[in-house]
Structure formats: C-alpha cells, structure tokens
C-alpha cells in the first residue's frame with residue numbers, strides 16, 4: 001500500500017482542513033445549543049405567541065434539508081450581509097441543528113419530576129431562577145445521550161459546508177482527490193479522520209453521564 | 001419578496017421532483033432490504049455476521065453522507081470499472097448504504113422489543129423459528145418500528161438534496177441554477193423550502209396514519 | 001386575634017370530578033389543624049390550593065391578611081398577582097409527600113437555596129442558619145450528603161428544614177409520612193411535634209391518627225369534598241358524632257398495627273430536650289429513645305381508640 005504515502009505527504013493539508021471542520025463544528029454547536037435552549041424555553045412559556053413561534057421554527061427548520069438552510073445562509077443572508085462562507089456555514093448549520101436541539105432540550109426538561117417544579121414554586125422561586133438552578137441542571141442528565149448523538153450528526157453535517165466553497169475536511173479532500181488522482185487513499189484518510197472524531201464524541205458520552213450523575 | 005416570482009419558479013423547480021422522488025424511493029427500497037438483512041445479521045448466531053453488522057453500522061454512522069457519496073463517485077470506480085455508475089445511481093447507492101445502517105437499528109429495536117415470553121409461548125406450541133418470526137414477531141414489531149423507520153425516511157428525503165454535488169438534476173440543483181441565472185436567491189430558495197416542507201409534512205402525516213393502522217387493538 | 005388562614009367556600013374540580021365542594025377553614029396563629037379523610041376526599045387539594053399549586057375554581061383564601069383568591073361580583077374567581085403570590089409563598093412552607101428535595105444539591109444546599117435566592121440573604125448567614133436548622137431536625141451529620149444518599153425519613157426532615165429556612169408563618173404538611181417506611185415515620189412526626197410545641201401554625205394532612213390525636217388542636221374529617229365533622233382532636237377521634245367519621249376511623253384502626261405486648265411506655269421517663277448540634281451518636285441515641293416513646297404513645301392511643309371509642313384524657 002505504498003500509495004498511502006500521499007496521505008502522509010499531504011498531512012499539513014489534512015490538518016488545516018480538519019481544523020476548519022473542528023472550528024465550524026464547535027461554533028455551530030454553541031450557536032445551536034443557545035438557540036435550541038431559547039426555543040425550548042419559549043415552547044414551555046406561558047405566552048401562546050412564544051410557544052407558537054418556537055413550534056413553527058422547529059417545524060420549518062426540521063422540514064427542510066440542512067443543505068437548503070445552508071443555501072439560505074450563504075446565497076441570501078451571506079450575500080446581503082457580506083458573510084464569508086465560514087460565517088455562513090456556522091449560521092446555517094447552527095440554525096439547522098438548533099431545531100433538533102430544541103426538541104432534545106425540551107424533552108429533557110419535561111422529564112424532570114413535577115415535584116421539582118412544585119417545590120420550587122412553594123419556596124417562592126421565580127421561574128427564571130428555578131429553571132436555571134433546579135430544572136436545567138437536572139434536565140441535562142436526561143439530555144446527554146440524545147444531545148451527544150445529535151452533535152455527532154452536526155459534526156458530520158459540517159461536510160455540507162464544502163458545497164458553499166469552504167475548504168473543510170470533505171471539500172478539501174475532494175479537491176485533493178481530483179488533483180492527485182488518488183481518490184481511494186485521500187477519501188479513505190478523510191473517512192478515518194471523521195471516524196476518529198465521531199467515535200471520540202460517542203465515547204465522551206460516558207464521561208458526561210458520569211459527570212452529571214446524581215450522587216447516591 | 002416577490003410572490004409572483006415564486007409562483008413562476010415553482011413549476012421549474014418541480015421539474016426536479018421526479019428525480020428527487022426517484023432517489024428517495026429507490027433508496028428506501030434498497031435500504032429497507034439492506035437494513036433488514038443487517039438487523040438479522042446482527043442477531044444471527046454466526047459471529048462473523050454479527051461482527052460485520054456492527055462494523056458496518058459504526059463505519060457508516062461515523063462518516064458524513066457527502067463523503068460516502070464522493071467515495072462511491074470517485075473512489076469505487078478505481079477499484080473496478082463495474083462500480084462506475086451514473087450520477088443518479090451513485091446517489092442512490094450512497095443514500096441506500098447510508099440509510100440501511102439507520103434502518104437496521106430501527107428494525108432491530110423493533111424485534112428486540114417483542115416480549116421474550118412470546119417466544120417461549122411459541123416454542124411451547126411447537127412453532128418453528130421461521131414461523132415464529134414471520135407470524136408472531138414481525139406483526140408486533142412493525143408497530144414499534146414505524147416511528148423510527150419513518151423518521152429515517154424523512155431524513156433520507158431531505159438528504160437526497162446532497163445529490164446536487166454530483167450533478168444529479170434534482171430540485172436543489174435546479175434551484176442553484178436558477179439562483180445563478182437570476183442573481184436572486186431569496187425567492188428560489190423560498191420556493192424550494194416550501195416544496196420540501198410540503199413533502200416532509202406529508203411524510204409526517206403518513207407516519208401518523210401508519211401508527212394508527214398498526215396500533216394494537218385493545 | 002384574626003385567623004392566620006381563612007378559607008371560605010373553597011371549590012375545585014378536575015374535569016367533571018368535583019374534588020372540593022365548598023370548604024370552610026379558619027386557622028388561628030400557633031394552632032395545629034389535622035385534616036383526615038379517605039383517599040380522594042380532597043384533603044391534599046386543600047393544601048395545594050392554599051399554596052396556589054392548584055388554582056381554586058371558587059371561594060376565597062386569605063393568608064395573614066393577604067387575599068390569594070376571591071370571587072368577584074360576577075362569580076368569577078380572581079387571583080393575586082404573580083408577585084403577591086410569591087410573597088405569600090415566602091410565608092407558607094410546604095412539605096410534600098414525596099419530599100421533592102433537589103437531588104443535585106446536598107442537604108445544606110437544599111436548605112440555603114431559598115433564603116439566598118428569595119430572601120436575598122448572604123451565603124454565610126444562610127449557611128449558619130441552615131446548620132442550626134439541620135441540627136434541629138437531627139441531621140447535622142448529613143449536611144453534605146445528597147438526597148439519594150439518605151433514607152426517606154432523613155430526606156423528609158431535610159425538606160422540613162428547607163421549608164423552615166424561609167421562616168414561614170404557616171407550615172403545610174401533605175401526607176409527609178406516607179412515602180417512607182413505617183419505622184421511619186416516627187422521626188418525621190417527632191420533628192413535627194417539636195415544631196408544634198414551639199408554636200408553629202400548621203395544617204397537617206395525615207393518615208397518622210395517633211399523631212393527629214396527640215399533636216393537633218383541632219381535627220377536620222373531610223369526605224367527598226366537604227367537612228363532615230370538625231372539632232377538638234379528642235372529640236372527633238375519640239367520640240365522633242357522625243356515622244361516616246366512625247366508619248372511617250374503624251376502617252383505619254383495624255388496618256393499623258397494634259402495640260406489642262411487651263411495650264412499656266413508662267420505661268423512658270425523662271423528656272429529652274431537642275436542641276441544636278449534639279454529637280451524632282448521642283443525638284442518635286436520644287432520638288431513638290424519644291422515638292420509642294412517641295411510637296408507644298401512638299400505639300397506646302390506637303389501642304384506646306380501637307377498644308372503646310371513649311374520650312382520651314387530655315395530657
């Protein structure tokens with residue numbers, strides 16, 4: 001398998017492209033989590049209009065392919081606001097993932113025992129206070145498995161940024177495969193990098209579950 | 001925003017609908033067969049089959065679909081010319097390989113969910129394993145399989161848009177062509193979004209209908 | 001003196017099911033009122049309406065002069081503002097059947113969260129007070145334990161300390177011993193008894209007839225959402241006037257275990273004091289002694305009630 005030399009010789013390219021992928025992943029994950037939390041809280045609020053807005057956002061953004069959301073973010077928003085492909089990718093992927101995060105976070109919060117809400121109310125806590133101190137910390141524990149597996153999906157979705165010209169791992173590998181005429185080696189190497197990254201994420205689940213475990 | 005313009009381009013985008021539907025239906029057919037085989041392999045008594053099914057799931061779920069598509073398109077023909085497929089069939093192959101891994105999980109969880117006592121009852125009645133699977137397990141499993149199966153189907157429908165990158169003329173590709181021709185992104189994208197929303201919403205209703213149809217009579 | 005709690009014509013239904021059919025209840029400061037009755041009679045709903053965990057459909061509730069809800073001239077019910085409700089809740093401590101401690105916080109953190117968040121107390125002062133309260137419920141040595149590391153009886157005592165930390169004027173107890181093992185119920189009842197002796201105003205929904213008889217000033221028997229009988233504990237429990245009350249007490253007492261033959265209520269003459277922060281071992285020993293005494297009292301009472309139905313002499 002002497003042909004795999006090409007991978008070693010291209011390691012700098014792989015490293016740079018992977019770094020772009022990691023940045024897009026982390027930044028869009030932060031965006032998705034923040035927006036998803038907001039949407040989940042809106043969905044549980046006492047105001048009908050907020051609940052409706054949140055449900056509509058989730059319906060629309062889950063009903064569209066992530067690629068189409070990315071197109072909105074790149075061809076329309078990005079074009080009008082002067083965003084780079086990097087910025088467009090983060091906004092587009094973040095918005096797409098937020099709709100899923102919202103559902104996961106809401107399910108986690110709803111899984112918290114009703115008695116916790118009642119005890120908080122009885123002590124006179126404001127809703128903002130008990131959501132932050134009592135409900136969300138307990139909900140996180142329930143969310144972890146779905147949150148992690150959804151984040152793995154987001155990591156893989158960063159490859160879509162290749163379509164809008166970002167030289168992240170998938171797009172860069174494709175260019176390299178074309179220019180070196182060695183698609184097997186280059187694309188296999190890219191696959192291995194993704195596998196390592198997604199497996200790492202999956203394994204991190206155990207760590208987070210232990211971290212948020214209730215002491216007993 | 002120009003609603004008249006949206007109305008004008010919807011028919012043009014819909015020219016890609018048969019291709020999108022074709023990608024979707026072929027991928028669903030192949031991935032359901034593949035997923036069922038993988039699920040049975042995973043539960044088989046033969047260690048190598050089980051190992052293969054696990055490795056397959058880990059591999060496919062660990063890699064972006066887009067990379068799988070590039071692999072089928074650029075790399076597989078390097079192994080053998082028989083793998084040289086048209087863009088359409090490349091997309092079908094990639095989508096099927098990808099969806100099968102998820103459908104295998106959906107099918108397996110459905111089969112595992114059937115109470116073990118049922119197996120004992122069937123055995124006590126002297127049923128063969130094949131008879132037991134076909135007459136006892138599958139009818140009960142279908143009910144449990146429907147929600148994740150349809151969830152995967154909705155994902156696959158949305159992922160057909162990735163065929164754009166290997167120049168399959170489905171709806172997303174046609175839309176990008178309109179965008180570059182008209183120097184205008186908002187209306188074409190809105191039109192595309194509305195069509196996808198209609199399709200995925202239709203599938204959600206289909207899922208609800210199937211769940212009703214398979215509900216246990218109690 | 002004006003009553004601390006004044007409930008008039010309280011009505012509540014869930015769907016078609018009428019739970020409360022017009023309950024009247026006044027509670028004077030430092031009074032202990034027990035509410036007894038069969039399951040589903042609406043006892044718990046009364047407490048939950050007083051704390052606005054449920055919204056009443058009709059009637060008027062007043063706590064410490066503040067109106068929680070009232071019927072307007074059109075017959076529709078109106079509630080206090082969110083802010084006023086929170087203010088009233090500060091004055092009303094609630095203890096739940098299933099404890100509802102915050103499982104991700106230690107006992108101490110459970111107790112200080114309210115004073116810091118709601119009363120704006122600084123952490124040092126809140127912690128100091130929390131240690132006193134935990135000592136007063138006999139759990140100094142458990143301050144840094146998490147709820148799941150404690151027995152049901154201990155958890156419930158932390159829950160009482162948590163409610164007391166808000167310095168409430170009124171405590172509501174909702175079947176607080178139902179979810180713990182019977183042998184651990186005594187330690188909770190003991191804490192409540194001491195609280196009553198210190199002059200806390202309490203409304204107690206309970207199945208513990210012994211406790212109701214021993215500690216409460218007044219007992220309400222509720223059935224089908226109405227007050228069937230009300231009066232001094234000795235009268236309602238010892239010599240009930242209503243047939244339904246008699247039938248209920250008979251059913252409850254037949255189910256209850258009888259005191260064992262060898263029990264000697266007089267073996268512990270000295271009344272131990274319940275004070276703050278003794279050594280754990282010493283405290284535990286004293287606890288168990290006091291518990292034994294209380295358990296005997298309860299058993300003795302059950303026997304008396306069961307055998308004769310005669311009035312129990314006031315102690």
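No lab work stands behind these numbers, since they all come straight from the coordinates. The structure displayed is predicted, hence computed values, not measured ones. No Cβ is skipped: glycine too gets one built from the backbone with ideal geometry, and neighbour counts run over all protein chains shown.
Odds and ends about this structure:
- When both the range A:1-38 and the range B:177-217 are represented by their alpha-carbon centers, they are found 30 Å apart.
- For the listed peptides A:168-177, C:64-73, A:25-34, a ranking on the average number of other beta carbons within 10 Å per residue, highest first, reads A:168-177, A:25-34, C:64-73.
- Computed on the Cα trace of the range B:51-145, the radius of gyration divided by the Kirkwood hydrodynamic radius gives Rg/Rh = 1.18.
- Compared with the dominant principal axis of the Cα atoms in chain A, helix A:85-110 is inclined by about 40°.
- Remark: spin-label model distance residue C:122-residue A:23 equals 4.6 nm, labels positioned 7 Å along the Cα→Cβ axis.
- 20 °C / 1.002 mPa s Stokes-Einstein diffusion coefficient of the range B:1-87, Kirkwood radius on C-alpha pairs, µm²/s: 131 µm²/s
- Helix B:186-213 and the longest principal axis of the C-alpha atoms of chain B enclose an angle of approximately 20°.
- More than 25 Å apart - percent of Cα-Cα pairs taken over the range A:2-213: 48 percent
- Helix B:17-42 and the longest principal axis of the C-alpha atoms of chain B enclose an angle of approximately 20°.
- In terms of overall dimensions, the range A:139-211 has a Cα radius of gyration and Dmax of 15.4, 50 angstrom.
- Residue of B:134, B:108, B:42 that the Gaussian network model of chain B assigns the largest fluctuation, springs spanning Cα pairs under 10 Å: B:134
- Pairwise centroid distance, computed over Cα atoms, of the range C:25-41 with the range C:174-245, Å: 7 Å
- Principal semi-axes in Å for the range B:151-218 [√(5λ), Cα gyration tensor, largest first]: 33, 13, 6
- Site pair residue C:74 and residue A:80 shows an inter-label distance of 4.5 nm when each label is modelled 7 Å from Cα along Cα→Cβ.
- Peptide-level mean, for A:170-178, of C-beta atoms on other protein chains within 10 Å: 3
- Scattering curve values for the range C:167-244, log₁₀ I(q)/I(0), Debye with Cα scatterers, q = 0.24 Å⁻¹: -1.22
- Paramagnetic reach from residue C:2 in the range C:45-64 [backbone N under 15 Å; point 7 Å along Cα→Cβ]: C:61-64
- Residues B:205, C:79, A:86, ranked from the fewest to the most other C-beta atoms within 10 Å, line up as B:205, C:79, A:86.
- Our summary gives the range C:1-140 a relative contact order of 17 percent, counting only alpha carbon pairs under 8 angstrom and 6 or more residues apart.
- Per-pair calculated FRET efficiency, R0 = 60 Å: residue A:45 and residue B:7 via Cβ, rounded to 0.05: 0.95
- Annotation: peptides A:133-143, B:2-12, ranked by per-residue average of other Cβ atoms within 10 Å with the highest first, follow the order A:133-143, B:2-12.
- Two-decimal ratio, the range A:74-163, of alpha-carbon radius of gyration to 2.2 N^0.38 Å: 1.47
- Residues residue B:48 and residue B:120, FRET efficiency given R0 of 25 Å [Cβ-Cβ distance, rounded to 0.05]: 0.30
- Förster radius 41 Å - calculated FRET efficiency between residue C:149 and residue B:59 (Cβ-Cβ, nearest 0.05): 0.45
- Number of partner chain Cβ atoms within 10 Å, mean per residue of A:155-165: 4
- Enclosed volume per residue, in Å³, of the convex hull spanned by Cα atoms of the range C:1-92: 103 Å³
- When each of A:160, B:97, B:189 is scored by the number of other beta-carbon atoms lying within 10 Å, the sequence from fewest to most is B:97, B:189, A:160.
- Rough spin-label spacing in nm, given labels placed 7 Å along Cα→Cβ, for residue C:235 and residue B:135: 7.3 nm
- For the protein assembly as shown, dividing the convex hull volume of the Cα atoms by the residue count gives 249 Å³ per residue.
- Taking one quarter of the surface of the C-alpha convex hull of chain B gives a mean projected area of 15.5 nm².
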